[in-house]
Amino acid sequence: MIIDLPQNSQNEVVLINNSMKIENGILKLYFPINFQENMYELTYFMKGKEKCFYCSRTFPKDKITLDHLVPQDFGGPTIPNNLLPACKRCNSEKTNMLKPFYDRYLSLSTNGEKSQFLSDFQQISRFLHRWYGLVFIQDWLEEKEIENIIVNISLDSSYRGKKYKKIKEYYKQYGHLQKPLILDRRNFLLDGFTALMFAKDNGIKKVPVIVLENVEVIF
């Protein structure tokens with residue numbers, strides 16, 4: 001897939017910060033990288049950090065956060081295509097709801113109706129996780145053999161912490177990974193190392209990935 005970049009970056013060099021730049025329409029990330037932090041900065045650079053997408057109010061810059069349009073809970077990736085500036089109140093209120101559910105929640109007039117809706121949504125959420133998995137981002141997804149994914153990191157047992165246990169529990173309950181791995185155009189792993197190691201430990205040969213065709217890691 002192609003991630004969103006500033007419109008004026010196709011034929012010129014755009015410096016986002018000291019760790020990433022855009023050159024000839026390619027986002028170049030300098031190794032070592034903090035992928036999620038870079039994506040946050042890129043999104044703020046493109047979409048600003050003053051106006052909330054949901055309530056349309058203007059806030060001081062330190063009061064604006066970034067919301068995942070498709071929540072991370074449903075595999076939504078941390079890339080500009082899936083990030084929207086949101087005030088802390090709206091972001092917190094939306095929680096792990098998909099936008100159609102959040103729109104419905106906002107249309108309700110009483111606290112009782114909203115409370116009941118949130119309770120119903122949690123039941124719906126469990127159903128969606130079990131039977132639909134990553135369907136909400138399926139247009140961005142593909143499967144890749146883990147042996148073809150490039151990782152530049154020293155391996156030890158330290159990855160088997162809380163995040164690993166959470167991945168293990170989710171996989172045991174639903175039979176699939178909760179989130180896709182994120183790769184650059186050369187199949188270098190940008191995000192999802194713990195999930196990759198879980199797959200390797202458990203003999204899972206193919207994993208869901210999003211390949212960012214206009215992103216490249218520079219060493």
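The values are calculated or read from the model by the stated rules, or taken from the named source; none is laboratory data. Just so you know, these numbers come straight off a predicted model, no measurement behind them. Cβ coordinates were reconstructed from backbone atoms using ideal geometry, including for glycine residues, and neighbour counts include every protein chain displayed.
Output the residues belonging to the range 1-20 that are more than 20 Å from the chain's Cα centre (by Cα) and under 12 Å from E41 (Cβ atoms).
Within the range 1-20, the first condition is being more than 20 Å from the chain's Cα centre (by Cα), and the residues that meet it are 7-15, 17-18.
Result: L15, N17, N18.
I need the full set of residues from the range 3-38 which are among the aliphatic types (A, V, I, L, M) and assigned to a loop (DSSP other than H, G, I, E, B), in order please.
I3, L5, V13, I33
Restrict the check to the range 38-54 and report whether at least one residue is at pLDDT below 95 and small (G, A, S).
Yes, the conditions are met somewhere in the range 38-54.
State whether one or more residues within the range 198-219 are part of a loop (DSSP other than H, G, I, E, B) and modelled with pLDDT under 95. Even if it seems obvious, please write down each step before you answer.
At the first step, the residues of the range 198-219 found to be part of a loop (DSSP other than H, G, I, E, B) are 202-205, 212-214, 219.
Now narrow it down to the ones that are modelled with pLDDT under 95: 219.
Checked against the condition, which is being part of a loop (DSSP other than H, G, I, E, B) and modelled with pLDDT under 95, the range 198-219 yields at least one hit.
Would you pick out the residues in the range 128-172 that are modelled with pLDDT under 90, surrounded by fewer than 13 Cβ atoms within 10 Å (Cβ to Cβ) and more than 28 Å from I2 (Cβ to Cβ)? Give the steps one after another, and end with the answer.
Residues of the range 128-172 that are modelled with pLDDT under 90, as a first pass: 152-160.
Filter once more, so that each one left must be surrounded by fewer than 13 Cβ atoms within 10 Å (Cβ to Cβ): 152-158.
Answer for the range 128-172, where residues must be modelled with pLDDT under 90, surrounded by fewer than 13 Cβ atoms within 10 Å (Cβ to Cβ) and more than 28 Å from I2 (Cβ to Cβ): S154, L155, D156, S157, S158.
Let's see how each residue does on (1) under 18 Å from the mean Cα position of the chain (by Cα); (2) on the phi < 0 side of the Ramachandran plot:
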position	(1), (2)
D62	no, yes
G75	yes, no
A86	yes, yes
S92	yes, yes
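Condition (residue is part of a loop (DSSP other than H, G, I, E, B), touching a His at 6+ places or on another chain (Cβ under 9 Å) and either touching a residue at least 40 places away in the same chain (Cβ under 8 Å) or buried (at least 19 other Cβ atoms within 10 Å of the Cβ) (or both)) applied to the range 65-77: is it met by at least one residue?
In the first step, residues of the range 65-77 are kept if they are part of a loop (DSSP other than H, G, I, E, B); the result is 69-71, 75-77.
In the following step, the residues that additionally are touching a His at 6+ places or on another chain (Cβ under 9 Å) were identified as 76-77.
When the remaining residues are screened for being either touching a residue at least 40 places away in the same chain (Cβ under 8 Å) or buried (at least 19 other Cβ atoms within 10 Å of the Cβ) (or both), the result is 76-77.
For the range 65-77, residues part of a loop (DSSP other than H, G, I, E, B), touching a His at 6+ places or on another chain (Cβ under 9 Å) and either touching a residue at least 40 places away in the same chain (Cβ under 8 Å) or buried (at least 19 other Cβ atoms within 10 Å of the Cβ) (or both): present.
Output the number of the condition that Q116 fails; it satisfies all remaining conditions of (1) surrounded by 12 or more Cβ atoms within 10 Å (Cβ to Cβ); (2) in contact with a strand residue (DSSP E or B) (Cβ under 7 Å, 6 or more places away or on another chain); (3) over 22 Å from Q173 (Cα atoms).
With respect to (1) surrounded by 12 or more Cβ atoms within 10 Å (Cβ to Cβ); (2) in contact with a strand residue (DSSP E or B) (Cβ under 7 Å, 6 or more places away or on another chain); (3) over 22 Å from Q173 (Cα atoms), Q116 is out only on (2).
Would you point out which residue out of E145, E216 is among the charged types (D, E, K, R), closer than 18 Å to I33 by Cα and touching a residue at least 60 places away in the same chain (Cβ under 8 Å)?
Values: E145 fails: closer than 18 Å to I33 by Cα.
Testing whether each residue is among the charged types (D, E, K, R), closer than 18 Å to I33 by Cα and touching a residue at least 60 places away in the same chain (Cβ under 8 Å) leaves just E216.
I'd like the residue in the range 122-141 that is touching a residue at least 40 places away in the same chain (Cβ under 8 Å) and not in a helix (DSSP H, G or I) and, out of all such residues, is farthest from P77 (Cα to Cα).
Selected residue: G133.
Of the residues that sit in the range 83-105 and are part of a helix (DSSP H, G or I) and in contact (Cβ under 8 Å) with a residue 24 or more places away in the chain, which one is farthest from P208 (Cα to Cα)?
Of the residues in the range 83-105, the ones part of a helix (DSSP H, G or I) are 88-94, 99-105.
Now drop any that are not in contact (Cβ under 8 Å) with a residue 24 or more places away in the chain, which leaves 88-91, 94, 99, 102.
Details: K88: 31, R89: 32, C90: 30, N91: 27, K94: 26, K99: 23, Y102: 27 Å.
Out of the qualifying residues, it is R89.
Enumerate the pairs (first residue in the range 109-121 and not assigned by TED's automatic domain parsing to the domain that holds F74; second residue anywhere and charged (D, E, K, R)) with beta-carbon separation below 6 Å, excluding pairs fewer than 6 apart on the same chain, so at least 6 apart or on different chains.
none
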